[in-house]
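The values are calculated or read from the model by the stated rules, or taken from the named source; none is laboratory data. Just so you know, these numbers come straight off a predicted model, no measurement behind them. Note: ideal-geometry Cβ built from the backbone for every residue, glycine included; neighbour counts use all protein chains shown. Protein only, heavy atoms only, side chains kept; ligands, DNA and RNA dropped before computing areas. Shrake-Rupley method; radii C 1.70, N 1.55, O 1.52, S 1.80 Å.
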Amino acid sequence: MSVEKLAAELQQILVKRIEADQLILPTLPAVAAQVLEILRDPEAGMKEAAHVLERDPVLAARALRVATSAAFAAGS
């Protein structure tokens, strides 16, 4: 199956579910929501975000992976 055909089928499925009000999206984990809230607060620091992030090892690992990726390397 070609990528274009697969994309078209997925789009049809999504449109049908949206129109039928049956599209269920996963909720943001509580820890992620708390970290985002902290990061949006100009008075908060990275220590507060790290303290909350420690409660979710999977999310912490993902954050570390992104933070150390080439996209976030110094100078880019």
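For segment 52-75, which residues satisfy the criterion of being surrounded by 13 or more Cβ atoms within 10 Å (Cβ to Cβ) and not acidic (Asp, Glu)? Break it down into steps so the answer makes sense when it comes.
Of all residues in segment 52-75, those surrounded by 13 or more Cβ atoms within 10 Å (Cβ to Cβ) come to 52-53, 55-56, 59-60, 62-63.
Val52, Leu53, Arg55, Leu59, Ala60, Arg62, Ala63, listed by residue number.
Suppose the filter is within 16 Å of the chain's Cα centre (by Cα), of a type outside the set (Gly, Ala, Ser) and open to solvent by less than 100 Å² (accessible area, probe 1.4 Å); does Val15 pass it?
Values: within 16 Å of the chain's Cα centre (by Cα): no; of a type outside the set (Gly, Ala, Ser): yes; open to solvent by less than 100 Å² (accessible area, probe 1.4 Å): yes.
So Val15 does not fit the description; no.
Which pairs turn up if I take residues in segment 27-50 that are at pLDDT below 90 and look for partners that are not in a helix (DSSP H, G or I) and not β-branched (Val, Ile, Thr) with beta carbon separation below 7 Å, at least 6 apart in sequence or on another chain?
Pro29/Asp56
Return the residues of segment 13-45 that are under 21 Å from Arg55 (Cβ atoms) and part of a helix (DSSP H, G or I); say none if nothing qualifies. Working first, answer last.
Here is the first cut: in segment 13-45, the ones under 21 Å from Arg55 (Cβ atoms) are 26-41, 44-45.
Matches in segment 13-45: Ala30, Val31, Ala32, Ala33, Gln34, Val35, Leu36, Glu37, Ile38, Leu39, Arg40.
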